[in-house]
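The values are calculated or read from the model by the stated rules, or taken from the named source; none is laboratory data. All values derive from a computational prediction rather than experimental measurement. Cβ placement follows ideal geometry from the backbone for every residue including glycine, while neighbour counts extend to all protein chains displayed. Note: accessible area is taken over every heavy atom of the protein model, side chains too, but ligands, DNA and RNA are not part of it. Shrake-Rupley method; radii C 1.70, N 1.55, O 1.52, S 1.80 Å.
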Amino acid sequence: MNILVTGGAGFIGSHLVRKLLAEGEQVTVLDNFSTGSRENLPQDAAVKCVEMDVNDASLAEVFDEGRFDAVVHLAGQTTVHISMESPALDGRENIIGSIHVLEQARRTGVQRVVFASTAASYGDVAEESLPIVESEPLHPMSFYGLSKVTVEHYLRLYQQSFGLDFVILRFANVYGERQGNGGEGGVISIFAKRLAEGRALTIYGDGEQTRDFIYAGDIAAGICAALHTEHVNHAYNLSTQTETSLRELVAILADVSGRDIEPRCLEARPGDIYKSMLANGRARRALGWAPVVSLREGLRRTYAYFCASSETSAK
Ligand SMILES: NC(=O)c1ccc[n+]([C@@H]2O[C@H](COP(=O)([O-])OP(=O)(O)OC[C@H]3O[C@@H](n4cnc5c(N)ncnc54)[C@H](O)[C@@H]3O)[C@@H](O)[C@H]2O)c1
């Protein structure tokens, strides 16, 4: 399959590109390197990389030349607080940018678009409704979440109007090697990086708040399943369907790193969701996918990565 990955030089993209290449797919990455980098991409492999913004008028030429079978659309700004400070910037990157991608996909006969949506699309859901299923009403609490929900609507209308198939994937909190400090799910990259540098950890709130942490390699496998499934034109959660509290997270990190950790506790930040967990039964059934990397193993790999990077930057 001939696949365009927008945002392919970012954190999740870097895991996806490796997996697609390993499966023998033909891959083109399009990225403006705002948060991603060439170093995130495998250096020795045959991956074509185009430095471009999805809002650039030359996007049409990339699609004309590439004649892609499928597009995985990961590019966008991923930080909730940036979306709250600059809704227009968020809308330009995440809504208008996505419309440009969809328009080129439709125009050049792309068969399907796989879109990176988010748990933030659901907003703050009552604890009785956990784990959140895909039919839960979408009430985002940030402009970032609203942009993702808006693009989900565009995908449906593109399908209805022009027959462009889609698969929407709502990721839980993703973590792993090459994750940046900003964006969603960053608590693990922040903790692992600080630990690797011998610095203290800070928890906001009582530490009992939970998240559904999923390893980026499992997300890459879910995207690959979405590229091949017959069950198109649906939304799927990609999650572990497991709640982990920040205190539990710190305990596993202490174990994995062999370090004593006594995190500093500060007052909870307003707007932070307390509990979060997504159901993954629909993705298991329809995509034949399941997460396989345990939190302990994923944390081991992530911590090792940040140790190696802090040694390199210290040289
Ligand atoms: N990391 C998570 O926990 C998480 C959770 C839910 C959804 N997502 C979504 O997954 C996708 C990938 O996220 P990530 O964590 O890898 O973030 P990331 O910031 O590492 O990756 C985004 C990539 O897109 C590129 N990019 C940004 N704006 C662009 C533009 N206008 N044109 C071209 N390229 C652009 C960046 O340079 C970067 O390489 C995003 O759409 C994000 O919203 C991530």
From 170, 156, 211, residue being open to solvent by less than 20 Å² (accessible area, probe 1.4 Å), in contact with a strand residue (DSSP E or B) (Cβ under 8 Å, 6 or more places away or on another chain) and among the charged types (D, E, K, R): 170
Candidates 250, 232 - the one that is surrounded by 15 or more Cβ atoms within 10 Å (Cβ to Cβ) and not assigned by the TED database to the domain that holds residue 16: 250
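In the range 112-139, how many are away from the ligand (no atom under 12 Å from the Cβ) and either in contact with a helix residue (DSSP H, G or I) (Cβ under 7 Å, 6 or more places away or on another chain) or in a helix (DSSP H, G or I) (or both)?
Qualifying residue count for the region: 8.
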Among the residues listed as 64, 56, the single one being closer than 20 Å to residue 107 by Cβ and within 11 Å of the ligand (Cβ to nearest atom): 56
Scope the range 1-44; condition free of Cβ contacts under 8 Å to residues at least 60 places away in the same chain, part of a loop (DSSP other than H, G, I, E, B), open to solvent by less than 40 Å² (accessible area, probe 1.4 Å) and within 11 Å of the ligand (Cβ to nearest atom); matching residues: 9, 36, 37, 41
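Output the residues belonging to the range 151-171 that are over 22 Å from the mean Cα position of the chain (by Cα) and of a type in the set (Ser, Thr, Tyr).
Scanning the range 151-171 gives 158, 161.
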Among (1) open to solvent by 20 Å² or more (accessible area, probe 1.4 Å); (2) assigned by the TED database to the domain that holds residue 6, the one test that residue 121 misses: (1)
Failed item in (1) open to solvent by 80 Å² or more (accessible area, probe 1.4 Å); (2) more than 7 Å from the ligand (Cβ to nearest atom), with residue 47 passing the rest: (1)
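Condition check ((1) within 25 Å of residue 8 (Cα to Cα); (2) aliphatic (A, V, I, L, M)) across all residues:
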position: 210; (1), (2): no, no
position: 246; (1), (2): no, yes
position: 261; (1), (2): no, yes
position: 294; (1), (2): yes, no
Residue 56 vs. criteria open to solvent by 40 Å² or more (accessible area, probe 1.4 Å), farther than 30 Å from residue 272 by Cα, modelled with pLDDT of 95 or more and assigned to a helix (DSSP H, G or I): no
Close pairs (9 angstrom Cβ cut-off, 6 or more residues apart or separate chains): acidic (Asp, Glu) in the range 86-97, assigned to a helix (DSSP H, G or I) anywhere: 90/82; 90/83; 90/84; 90/143; 90/144; 90/146; 90/147; 93/147
Any chance residue 261 is at negative phi and assigned to a loop (DSSP other than H, G, I, E, B): yes
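Scan the range 271-311 for residues that are β-branched (Val, Ile, Thr) and either closer than 21 Å to residue 252 by Cα or not in a loop (DSSP other than H, G, I, E, B) (or both) and jot them down.
Matches in the range 271-311: 292, 293, 302.
How about the range 291-302: which of its residues are farther than 23 Å from residue 125 by Cβ, open to solvent by 20 Å² or more (accessible area, probe 1.4 Å) and not β-branched (Val, Ile, Thr)?
Step one: list which residues in the range 291-302 are farther than 23 Å from residue 125 by Cβ, which gives 292-294, 296-302.
Now restrict to residues that are open to solvent by 20 Å² or more (accessible area, probe 1.4 Å): 292-294, 296-297, 300-301.
Answer for the range 291-302, where residues must be farther than 23 Å from residue 125 by Cβ, open to solvent by 20 Å² or more (accessible area, probe 1.4 Å) and not β-branched (Val, Ile, Thr): 294, 296, 297, 300, 301.
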Pairs with Cβ under 6 Å, 6+ apart, first in the range 240-256 and over 17 Å from residue 202 (Cβ atoms), second in a helix (DSSP H, G or I): 252/296; 252/299; 256/299; 256/300; 256/303
Among the residues listed as 205, 176, 198, 163, the single one being within 14 Å of the ligand (Cβ to nearest atom) and of a type outside the set (Lys, Arg): 176
